Each structure stands twice: as structure tokens, then as C-alpha cells.
Amino acid sequence: MKYSDLIEFDPIETVIQLRSADKPDEAETLVRTYVISDSMAGDLVESVFPNLQYKEDYDHRGMLIVGNYGTGKSHLMALVTSIAENDNLVQHIRNDRVREKSELIAGKFKVIRSEIGAVQMSLRDIVIQELETGISKMGIDYKFPKADTITNNKDSITEMMIEFGEKYPDKGFIFALDELLDYLRGRRQQELVQDLIFLRELGEICKETRFRFIAGVQEAVFDSPSFQFAADSLRRVKDRFQEIFIKREDVEFVISERLLRKSARQRDLIRKHLEKFASYYSGISEKMDNYVDLFPVHPYFIEIFEQIRFAEKREILKTLSRAITNILDEQVPSDSPGVLTYDIYWENIKNDPSFRTIPDITTVKEKSLVLENKMSGFPRPKSQPIAVKLIHALSVYRLTTDIKSPIGTTSEELRDQLFVPFPEGTPDQMKNEEDLKGIITTILSQIMQTVSGQYLSFNKDNGQYYIDIDKDVDYDQLIKDKADSLDNETFDTYYFDALAHLIECSTSTYVSGFKIWEHELVWTQKNTTRLGYCLTAW
């Protein structure tokens, strides 16, 4: 049975641009391909659609769609604005609940979509220019007054909406703006304050007219430490905006329902396959549905990817698309789960030239390469591939934290998060999760021994292994290696030499050629001393 027999693979390689929805055929594709999770369906039905509609009373506010790069932020904005602009697209919505509730906005709006680039214009000038260009295409000839001739911007937007209403009496107006946060981050302090004031006005005008403003941002603007100097302005903006967050569960849903869609029969086959390994790895039985949904991707792959500080979140879709494409025609292994785990991302990190300018990644790559190269001398050849897999995993994990912190992951976590296989030749009676944990611990110890402890450490306080970038020489491991190489007689010689040094015996012995020293002993009962002898060998 091949992987292609178990999934309906739909690769995701492209980056969605909001303005693509300006083209009717592209808009239809964007609506049809947007996968809506239960939590996102709740946000659309309970927050987005009621806030946009203008038929019923509502505390209308501006909207911020919050999601990191690659989480579907632009795609979501394209979905909402496309439906609002064209009611014929409702039939393509892939969620019954959302499809029904979308009647609140479907076909009831004219839309202008825009994206901010690396520009120096003020936010007001950008929005005003885009509005003037957009409404002129709608047949409305309105020019906004210059900023230095008015006391506020709400009056001029209201005037524009009056003319809009005369032209389109049965329509509302949506202005959608993507990549807002990147723009705000590049503004000077005084400029940012002015931009935030204008942003507040845009939010307020939504309450008073049929004008609606939607912006896409990469993180919650109001909680960003970059803007805390403008806390008062942020608080006022926040009062007039509603935030819709794209959560990790939503990204997982996109992966399972689009990238890795499965029929009921395929899900049943996958479940039966994974059940064979439930006794080896903790969590499979308890979260079987999650494992089936994401097969052949381990759920933890997505979780740890989000923790990597340097990776754009859209990369996970492209990374998984490429990885799955490579295995589609392969047979699903019968002796292991056959699941893609986060260690495979290390090859992407090593080979991506864009990462070469990031010092932390370069440092970890150098140390990891030293460890990997030394695995050619690994004492157990059958376990050597597992050793390399563990090194790759620890290298990826290192990039989720401060690279100098003594934080890593345990043998048990590595077992369950990597689905580490049993080494070839492992007896059946040893095939259980505790024995596999012990095997992984042994392999990690052998890695440390093979590399003389270099660049790999074990934190005894929490049982975690981690890449230690500062551990160029592990003196404790060198001492252990030296001790292991000595026979008992030589070991005893060194031991007694060290003991003689510690108890400060003189260099000259009482009897030449023997380790016997004259030594003064305390005779406690007589409250005196007497001469005796000290020996460090027998």
C-alpha cells in the first residue's frame, strides 16, 4: 500500500495575495479552496459577518485579521471580501454553517483591496489615494481634502460615503488592507502616533456609516512591545477594532482537510495501520483522530515548527508539500508508523541559503555537522541511522529556544515525537515503549561517547538532552573515556597516586619502592600521638 492510496494530496506551494481576489476567476478559486475549521467558522458566523452587515443594529467596528506569515490571513480576507462582493460565490464555501450565515453580507458590498509595501507615505495618504483610485473606477468622482485643511478625517469619509450611497443605495463599502503591521513597524514614533489616530478614525467611521475597514496583521498590534510608547493611542484604537485570530488549530485543519484530505475508507486504513504501534509510543491511542487527520505528518511537527524563531510560518505548507510529494509513490512501511517528523526539517535549514546570514543558525549548523560527521564511527552500525535522526531533531529543537540555554528534550519525548523505530534485530520481547525509551537513552549516551561529549549535553535536573554550542571540550567525558580504557591494575595505580596526593603524602616513602609512608597517628584515649604508617596500596 502506497502513501498515494491513503491521502488525496493537494499541494500548497503558492503564497496568496489579497489583490488576487480582484479577478473573478481567482476569487472563485480562493473561496473554493479555503478550508474552514470549526473555530474559524464560529468567528465568521458570530463576529465577522454580523460586524460587516449593515441591515441590523450592531456595535460596528474595524476588523483586524491576526495571523503569522503563511497561516492563511490573506486567504481569509480574500474569502470574506469575495463573498461580500459576489453572492454567486456562496455556493463554493466549504462549510454549511458559514454558507448559510454568509447571506448577511453576500453580494451586498463594493470592495477595494490594497496591500502596503515599503513606502514612506502616511497611512492616511495611502488609504486616501487607494480610495480615490478605487471609487473613480466605480464611477464616483470624489476628491479628499488635503490633510492640513481639515480638523478630522471622519467628515470627509462620511461625505465620500454619501456620494457612494447615491450611486449604490443598496450597497455597503469594504476597504481591505493587507500587511499593515510591517508598515507600522517601519514608522518613526511621531509618524506612528499620527497613523494610529487615523486608524482609530477608520474604526469609528464603521460605526456611523456603511463603510467597513478590514486589515491583516502578523501579530496582535495592541500587545506588541514595539508600540508600547504609544500605549494611549493603542488603547483608543483597540476600543474601535475587533480582532480575529487565526489559531494553530486552524492551520492544522487546513493541512488535514486540504493538503492531506482523506476519505472514510482511507481514514479507516490509516487507523488500522497506526493501531499496530500504539503500544510503542505514548499518545497515539488518546489522540488517534488527530494522528489520522494529519497522516503522514506527525502532529508535533506543526507544533515545533511554530516555535522556530527564524522560520516563516508559510514554510510549513511548502515544506510538507515537498516532503509528501517525495514519498507519494513509496510503500507505507509495515514495521513502523511511516510518519514525517520534525527532524526532516533540518535538511531544509542546512540547504536554504537565506538562513546563512542568521548567526544562531550558522552556529548550530556548525556544531551539528561536527556531531553528524563523527557518526561514521558510531559503535553500533545498525543504530547509526537513529543516531543521525536524533542529532537532526536536537538541532531543530535548539532553534526553538535561546541557543545557549540548557534546554532540550527527553528520551521519552524524542521517542514519541519522532516515532523512533526499533533498531534492526531488536527481539520481539523488548518491543514496548519503556524498552524503546531505554534504547534511545543508550544511543544518546553512545553518541556522547563517540564525540567525546562535544557539543552534546545532558541536563540531569530535567532529563533533557540538548545541543551545547559552547561545549568544545567535555573534560568529564574525556576522564570517563580514559578510565574506561584502563585495565584494573593501571586504574588502581592512578587511583592510589591520586589518593596519596589528596592526603598530602611526601614524595619520599618510608621503604624505597613501596607506597608506604611514616605517619603520625592520634591516640585519642591517651590524648597523645604515636608513629605509624600510611599505605595507598595493598
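Ordered from highest to lowest accessible area with the whole protein assembly present and a 1.4 Å probe, Trp346, Trp523 read as Trp523, Trp346.
Using every pair of distinct Cα positions in the chain, the Kirkwood expression returns a hydrodynamic radius of 28.2 angstrom.
What are the trypsin sites (Lys or Arg not before Pro) within the stretch 282-375 that DSSP puts in a loop, where the Cβ has at most 16 other Cβ atoms within 10 Å?
For trypsin sites (Lys or Arg not before Pro) across the stretch 282-375 that sit outside H, G, I, E and B with at most 16 neighbouring Cβ atoms in 10 Å, the list reads Lys287, Arg309, Arg356.
Counting Lys and Arg as +1 and Asp and Glu as -1 over every other residue whose Cβ lies under 9 Å from the Cβ of Leu260, the net charge comes to -1.
Here is the size of the stretch 124-203 from its Cα atoms: Rg then Dmax, 13.6, 41 Å.
Using a/c under 1.5 as the rounded threshold, could you call the stretch 403-454 rounded, prolate or oblate? The axes a ≥ b ≥ c are square roots of the C-alpha gyration tensor eigenvalues, and prolate needs a/b larger than b/c, oblate otherwise. Taking the square roots of the gyration eigenvalues as a ≥ b ≥ c, the stretch 403-454 is oblate.
Can you give the Kirkwood hydrodynamic radius for the stretch 37-133, in Å, rounded to one decimal and based on Cα pairs?
Details: mean 1/r = 0.0673 Å⁻¹.
With all distinct Cα pairs of the stretch 37-133 included, I get 14.9 Å.
Across the protein chains, with a 1.4 Å probe defining accessible surface, the residues Asp25, Asp57 rank Asp57, Asp25 from largest area downward. One way to sum up the overall shape of the stretch 107-152 is the equivalent ellipsoid from its Cα gyration tensor, whose semi-axes run 20, 16, 9 Å, largest first. Cross-link pairs exceeding 30 Å in C-alpha to C-alpha distance, out of Lys247/Lys437; Lys272/Lys431; Lys110/Lys143, comprise Lys247/Lys437. Dipole orientation for the stretch 89-169: of the candidates Phe109, Val127, Pro145, Phe109 has the Cα lying most toward the positive pole (charges on Cβ; Lys, Arg +1; Asp, Glu -1). Legend: residue pairs Lys73/Lys154; Lys276/Lys365; Lys2/Lys318, Cα-Cα distance threshold 25 Å; pairs beyond threshold, Lys73/Lys154; Lys276/Lys365. Please work out how much accessible surface Arg248 shows to a 1.4 Å probe, ignoring ligands, DNA and RNA, in Å² rounded to 10. Probe radius 1.4 Å; accessible area of Arg248 about 80 Å². Accessible area of Leu44 (1.4 Å probe, protein heavy atoms only, ligands and nucleic acids ignored): about 0 Å². Between helix 123-137 and the chain, what is the angle of the helix's C-alpha long axis to the longest principal axis, kept within 0 to 90° and rounded to the nearest 10? Once rounded, the angle reads 50 degrees.
Quick check: net charge around Pro50, other residues with Cβ under 9 Å of its Cβ, Lys/Arg +1 and Asp/Glu -1? With Lys, Arg at +1 and Asp, Glu at -1, the neighbours total -1.
The values are calculated or read from the model by the stated rules, or taken from the named source; none is laboratory data. Keep in mind it's a predicted model, so treat the numbers as computed, not measured. Positions of Cβ are backbone-derived with ideal geometry, glycine not excepted, and every protein chain shown enters the neighbour counts. These accessible areas exclude ligands, DNA and RNA; they are computed on the full protein's heavy atoms, side chains included. Shrake-Rupley method; radii C 1.70, N 1.55, O 1.52, S 1.80 Å.
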